[in-house]
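Asks: Below is the structure I would like to discuss, written out as structure tokens.
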Amino acid sequence: MAAEKVKGPASYFPSIEKKYGKPISHWTSLLGKMKSARHSEMVATSKNDHGMGHGHANAIVAQFRSENGL
């Protein structure tokens, strides 16, 4: 039985881990320190402070906010 294909923001995670050399848990722990920030602020911080591309930053933020009910 084949594994179900990952969809949505999580589909970016393997390439994010490969490109930036850190596990997704690293990025979500950073976002956890700014839970009161808006989605766009979280994306901007990921891009400006950590050099992420917009798509990668947006995917991590979207997944993080969804998992944390934000």
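Laboratory data are not the source of any read-out in this text; all were calculated from the coordinates shown. Keep in mind that what you see is a predicted model, and the values were worked out from it rather than measured. Positions of Cβ are backbone-derived with ideal geometry, glycine not excepted, and every protein chain shown enters the neighbour counts.
Asks: Explain nothing, just the number: dipole magnitude of region 20-70 about its Cα centre with +1 on each Lys and Arg Cβ and -1 on each Asp and Glu Cβ, in debye rounded to the nearest 20.
Replies: 60 debye
Asks: Residue-wise, which Karplus ³J(HN,Hα) couplings in Hz belong to region 17-29, taking 6.51 cos²θ - 1.76 cosθ + 1.60, θ = phi - 60°, and x for glycine or proline?
Replies: After applying 6.51 cos²θ - 1.76 cosθ + 1.60, I find 4, 5, 5, 9, x, 10, x, 4, 4, 4, 5, 5, 5 Hz.
Asks: Also: For the chain, what is the number of Lys pairs with C-alpha distance below 25 angstrom, counting only pairs 8 or more positions apart or on separate chains?
Replies: Eligible lysine pairs with Cα atoms under 25 Å apart amount to 18.
Asks: Okay, moving on. For the chain, what does -39500 (n - 2.57) per DSSP helix run (n ≥ 4), summed and divided by total residues, give at 222 nm, in deg cm²/dmol to the nearest 500?
Replies: Rounded to the nearest 500, the figure is -18500 deg cm²/dmol.
Asks: Could you work out the per residue convex hull volume over the alpha carbons of the chain, in cubic angstrom?
Replies: 91 Å³
Asks: Let me ask another. Could you give the nm distance between label points at Lys33 and His54, where each point is 7 Å from its Cα heading toward the beta carbon?
Replies: Once both label points are built, they end up 2.6 nm from each other.
Asks: Okay, moving on. From the phi of every residue in region 52-65, what ³J(HN,Hα) in whole Hz does the Karplus formula 6.51 cos²θ - 1.76 cosθ + 1.60 yield, where θ is phi - 60° and glycine or proline is x?
Replies: Ordered by residue, 3J(HN,Hα) equals 6, x, 4, x, 5, 4, 5, 5, 5, 5, 4, 5, 4, 5 Hz.
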